[in-house]
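Heads up: the structure comes next, in structure tokens.
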Amino acid sequence: MGSVPHIGIDAMGGDFGPQAVAEGTLLALREMPGRFRITLVGDEEQIRRSLRRVHASGLAIGVEHAPEAIEMDEKAVAAARRRSRSSLGVLSQLHKNGAVDAIFSAGNTGAVVATALLSLGRLEAVARPALAAFVPNPAGGAVVLDVGANAECKASYLVQFAHMGTVYARYLLGKENPRVGLLSIGEEDSKGNALVQETLPLMRRAQHINFIGNVEGRDVFKGTCAVVVTDGFTGNVVLKTAESVASFLGHLVKEELKRDPLARAGAFFMMPALKRLRARVDWEEFGAAPLLGVNGVCFVGHGASGPRAIRSAIRTLVRFVEQRVNEHIREEIEADHDTAA
């Protein structure tokens, strides 16, 4: 790794392609001058055209050509087989070869996960990687994992998710001894499906995690704990529901302001507070979810990522590399494995 993190981005991933990536990259370079280097991967002509549009063609932005792009609706396995020519595949290979320190794509999530696993492999002693999403709450936020990498899980996977989430919360959220909860339909030990019932005793025996027991969906947003562990199917439903609720509330506020002239006048004076509120709940402020457990630094973004989301993702990737989170995850899981043995 060089003196500053070198970030690689799949410029063809997501709904808005190279243009959003170029704009987001420019925002990040302005916000964090000198903190990172960057390389955009994809159709070189399209990327350079987008950079010219935002007047960034003269900046130190690397471009790596890839002749193909993976479609958002393409099957993960089929996409992974084409990884040698796709922007995502070329990007993953650059990371594997050490040319970049971290990678990001807002493309097909299944394809990102499959390609990263095939190209980078898993950290030693990690059974399955997990996507970890940040969810805001009054206690400074929580990390929920898995949110989509593993629809089917074993109890031992969830224990490893707890370790990886603990490390992420400690180094990225600043939680010294993060509390860990197992998502269930009730706090009582008797509640939950077979997976929860099997996982609970393993969590209690695990070393190095501050496990508080079962938590419910409402606890995610109350700030009861900093790490919420679940299977990828349930976690994805939680994440998508949270995004839609935030969007719905914003829509309701706008509707009510249009109906009431007095409210519109009041909103003018409340604008600073409303902007701060938006920043606290807007998913674009958090940018991306790391695929924890792969032998590298891989982040996955929302398909609808615009320039602000790209900017936020770059910011988080830079911090992830600077804090050496992957090294700490490896140490954490190996320590628990040795203790269990």
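For the chain, what does the helix formula give at 222 nm: sum of -39500 (n - 2.57) over DSSP H segments with n ≥ 4, over the residue count, nearest 500 deg cm²/dmol? Please list the in-between numbers first.
Details: 12 runs with 170 residues, N = 341.
Estimated from H runs of four or more residues: -16000 deg cm²/dmol.
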Efficiency of FRET from Cβ geometry, Phe221 and Glu255, R₀ 25 Å, rounded to 0.05
0.60
For the chain, return all DSSP H helices satisfying: extent of Cα atoms along own axis at least 20 Å; mean Kyte-Doolittle hydropathy at least -0.5.
17-31, 155-172, 232-259, 261-281, 307-322
Taking the chain, the lysine pairs whose C-alpha atoms sit under 30 Å apart (8 or more places apart or on different chains) add up to 22
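Can you pull out the GluC sites (Glu not before Pro) in segment 123-212 whose DSSP state is coil and whose Cβ has at most 13 other Cβ atoms within 10 Å?
Values: sites: Glu124, Glu152, Glu176, Glu187, Glu188, Glu198; in loops: Glu124, Glu152, Glu176, Glu187, Glu188.
Here the GluC sites (Glu not before Pro) that fit, given the DSSP loop and packing criteria, are Glu124, Glu152, Glu176, Glu188.
Once the Cβ-Cβ distance between Arg205 and Ala139 is put in as r, and R0 is 25 Å, what FRET efficiency do you end up with, to the nearest 0.05?
E(calc), rounded to 0.05, equals 0.40.
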Once you put a point 7 Å from the Cα of Asn193 and another 7 Å from the Cα of Arg324, both along the Cβ direction, what distance in nm separates them?
4.0
For segment 120-171, what are Rg and Dmax over the alpha carbons, in angstrom?
11.6, 36
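Each reported figure results from applying straightforward, stated rules to the coordinates on display, with no laboratory input. This is a predicted model, so every value here is computed, not measured. With ideal geometry, Cβ positions are generated from the backbone for all residues, glycine too; neighbour counts draw on all protein chains shown.
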